[in-house]
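The values are calculated or read from the model by the stated rules, or taken from the named source; none is laboratory data. All values derive from a computational prediction rather than experimental measurement. Cβ sites come from the backbone with ideal geometry, for glycine too, and all protein chains shown count toward neighbours.
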Amino acid sequence: MSSFVELLGEKLLSGSGEVSTADALSGNGAVALYFSAHWCPPCRGFTPKLAEWYSANLKAKGLEIIFVSSDRDDEAFQEYFKEMPWLALPYSDRAKKDALSKKFKVSGIPMLVILDADGKVITKDGRQAVSEDPSGAEFPWKPKTLQEVLNDAKIISDGQVLKGETLFGKVFAFYFSAHWCPPCRGFTPQLAQWYTKDLKDKGLEIVFVSSDKDEEQFKDYFKEMPWLALDFEDRQRKARLSSMFGVRGIPALIIVDKDGSVITTEGRAALSSDPQGAKFPWYPPAVNNAKDGPGDINEVPTVVALCETSAAEEQAAIEETMTCVAKQYIEKQKAAGEDSPEFRFLIATEATGVAPQLRKLMSLQALNPTKHEHPLEEKDISGNWGCDGCNCSGESASKRWRCSQGCDFDFCDECYKKSQEKQVPLPAKLMLVDIPSGGVFYDGPSGEISVAALEKHLSDYKAGSLESKQLN
């Protein structure tokens, strides 16, 4: 746990004063970081319960807790900390608090991150783990693997019953859905068509995980599906699967590899863009394209290559360079068992999608929207749509220009006119956007983007030698 102790600093606070971090954490079976604040109502509701469980059982089990405060000032921190029978990171050390929040991707509080004796993450959903087991019977709450969760699971198939372990060795997807959900009812027939026509032959199996209100609704809905289903009565296993994959809404399609590792939690989008399975099993690209969305830019520091006006050959070379470096970080992520790599990589080859917004946020020269690959035709402006050029809502547009070949692509009238104008050529530009660290960015090299230049940019960033600038 030495690197973790280094991240926390030499001293922590206890109710009686400062203590040595190394001494305080020595001998514990697990350490929990408790991200919380007194101004947060859910925190104030959870803290007394956690304190009771800690004092009654969890401390004796070998759990130590460290309060990491999001209070607005030291006075509020001190007042709140009086309610806690554990340790705390000194409030004055805001840099370490920010580093911990960034490292563990804290997006909301209260959050309880549980680490093992070596400082490796056991679970980031410690709040649920402890709430379900306040006596610590399953301490230190190591999450079960997918194989363990599916062991002896009852999988239904055309009147037959299979065991959950038979799923492994093939690519399969969990389809979280329910008949009462309108988006589900719209997506299920499409998915059934794609599955029957192409995806089943590609090697994909699908397992329906129902959120229907009763078994009768489940059976009626399952009649529309040409795949498998988890037994409706197994509500506990359904809940574990939802928690394991972070399912917060339906329909959700989680694609799992032959070895049980998750390929993508965005299976619905992957299949919708490739219903014939040309990219099966839809491994996420090492480098995302900005025209397809921002990726994880809000959660992970992201290297962005802006090359919208570059020739296709140069864009391909830049993407190859970024892919070479990105794969190194993906391999490190897998070896360390982390949720995501240290950096994500994004390339903008068109002045559409999020690329114009990124230029605006970094005060870079704006470009005319890139002309769409297919002819556009004027359509009725009514309905729920947005411009792929400036991201404006269709409600504010005077005209709507939509792809005549069926692409989900629209321009407002202003962007359509600009796309017909000659584009101003600009050299390729490398930037690093770090939204998790306060919404900042870092200038990179322009012109030729090589592996050496990219690696140096990342090395300088990690060394803290680059000047940070605030996103607008």
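Here is how the numbers come out for the structure above:
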{"read-out": "Odd one out for Gly108 among (1) under 25 Å from the mean Cα position of the chain (by Cα); (2) touching a residue at least 60 places away in the same chain (Cβ under 8 Å)", "value": "(2)"}
{"read-out": "Counted residues, region 194-220 - those being surrounded by fewer than 22 Cβ atoms within 10 Å (Cβ to Cβ) and out of contact with any strand residue (DSSP E or B) (no Cβ under 7 Å at 6 or more places or on another chain)", "value": "15"}
{"read-out": "Complete set of residues in region 70-91 that are in a loop (DSSP other than H, G, I, E, B) and either more than 32 Å from the chain's Cα centre (by Cα) or under 21 Å from Leu7 (Cα atoms) (or both)", "value": "Ser70, Asp71, Lys82, Glu83, Pro85, Trp86, Leu89, Pro90, Tyr91"}
{"read-out": "Test set (1) part of a loop (DSSP other than H, G, I, E, B); (2) over 19 Å from Pro143 (Cβ atoms) - Phe67 fails condition number", "value": "(1)"}
{"read-out": "Exclusive hit being at pLDDT below 90 and assigned to a helix (DSSP H, G or I), set Ala239, Ala269", "value": "Ala269"}
{"read-out": "Residue satisfying condition, being without any contact (Cβ under 8 Å) to a residue 60 or more places away in the chain and assigned to a loop (DSSP other than H, G, I, E, B), within set Gln405, Gln357", "value": "Gln405"}
{"read-out": "Exclusive hit being buried (at least 18 other Cβ atoms within 10 Å of the Cβ) and not aliphatic (A, V, I, L, M), set Ser101, Ser92", "value": "Ser101"}
{"read-out": "Of residues in region 394-451 being of a type in the set (S, T, N, Q) and farther than 28 Å from Ile318 by Cα, the one surrounded by the fewest Cβ atoms within 10 Å (Cβ to Cβ)", "value": "Ser398"}
{"read-out": "Residue, surrounded by the fewest Cβ atoms within 10 Å (Cβ to Cβ), within region 452-469, restricted to residues that are aliphatic (A, V, I, L, M) and over 15 Å from Val325 (Cα atoms)", "value": "Ala463"}
{"read-out": "Region 266-289 - residue that is loosely packed, with under 15 Cβ neighbours inside 10 Å and of a type in the set (S, T, N, Q) and, of those, farthest from the chain's Cα centre (by Cα)", "value": "Gln276"}
{"read-out": "Filter result for Lys334 (part of a helix (DSSP H, G or I) and within 29 Å of Thr265 (Cβ to Cβ))", "value": "yes"}
{"read-out": "Filtered residues of region 111-127 (kept if under 20 Å from Arg44 (Cα atoms) and of a type outside the set (A, V, I, L, M, F, W, C))", "value": "Lys124, Asp125, Gly126, Arg127"}
